[in-house]
Amino acid sequence: GRRSGKSVCNQYLVLKHALKHRDSICLYMNRNFDNAISQGYNTMTKILDDMNIPYQASRGNGLITLDNGTQIFYRGASNTVDIDKFRGVAKMAVAVIDEAGHIKGLRYLLTEILQPATMDIADSQIILSGTPPRTKNYAYNLWNNRDANIKRYNWNFMSNPFIPNRE
């Protein structure tokens, strides 16, 4: 649900993989580049600053590079041109697709781009998060396919301890 803390949690997951896997690629995608920057990049730079983790950053390029050589990319997935930019990338430690239920071409992104990109690291992850869409689509089908080997977590804003007066 909205305001449950998903976007912040996503950045901590990205950081966990970025620190563990030197010289790797970490990807955070949102519906468009502006959302990726506002919901991902800005949050990550604050986390890194708060934790005194050294990094180099280029907001305009949506790129953060840690001192261990890991690159964290912030990208939009508003069209197949954006998605195809990661075709052929190897050694991807994590790919977080935020607002996954609203990404057109999600099946293509997962099967053609991200699954091959994450094959080189044994504990790599592809994480789909977001508020569920109102229409049935690929993300809806993934979530509801109980035969698929997918871990599912759900919570709402009432579970977010950082929102005062949730009631």
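The values are calculated or read from the model by the stated rules, or taken from the named source; none is laboratory data. This is a predicted model, so every value here is computed, not measured. Neighbour counts are summed over all protein chains in view; Cβ atoms, including those assigned to glycine, are modelled from backbone coordinates with ideal geometry. Only protein heavy atoms, including side chains, enter the accessible area calculation; ligands, DNA and RNA are left aside. Shrake-Rupley method; radii C 1.70, N 1.55, O 1.52, S 1.80 Å.
Taking the stated definitions as given, is Thr135 open to solvent by less than 40 Å² (accessible area, probe 1.4 Å), part of a loop (DSSP other than H, G, I, E, B), modelled with pLDDT under 95 and over 25 Å from Lys20 (Cα atoms)? Here the answer is no, as Thr135 does not meet what is asked. Taking region 60-71 as the range and being open to solvent by less than 60 Å² (accessible area, probe 1.4 Å) and out of contact with any Leu (no Cβ under 8 Å at 6 or more places or on another chain) as the test, the residues that pass are Gly62, Leu63, Thr65, Gly69. Note on region 79-98: residues that are modelled with pLDDT of 90 or more and closer than 16 Å to Ile37 by Cα total 4. Scanning region 1-59 for residues that are surrounded by 13 or more Cβ atoms within 10 Å (Cβ to Cβ), more than 12 Å from the chain's Cα centre (by Cα), among the charged types (D, E, K, R) and at pLDDT below 95 yields one hit, Arg3.
Just one of Ile126, Ile121, Ile97, Ile103 is open to solvent by 10 Å² or more (accessible area, probe 1.4 Å), touching a residue at least 40 places away in the same chain (Cβ under 8 Å), closer than 24 Å to Thr43 by Cα and β-branched (Val, Ile, Thr); which is it?
Values: Ile126 fails: touching a residue at least 40 places away in the same chain (Cβ under 8 Å); Ile121 fails: closer than 24 Å to Thr43 by Cα; Ile97 fails: open to solvent by 10 Å² or more (accessible area, probe 1.4 Å).
When all the criteria are applied, what remains is Ile103.
For first residues located in region 42-54 and on the phi < 0 side of the Ramachandran plot, partners that are assigned to a loop (DSSP other than H, G, I, E, B) and lie 6+ apart or on another chain with Cβ distances below 6 Å form the pairs Pro54/Asp67.
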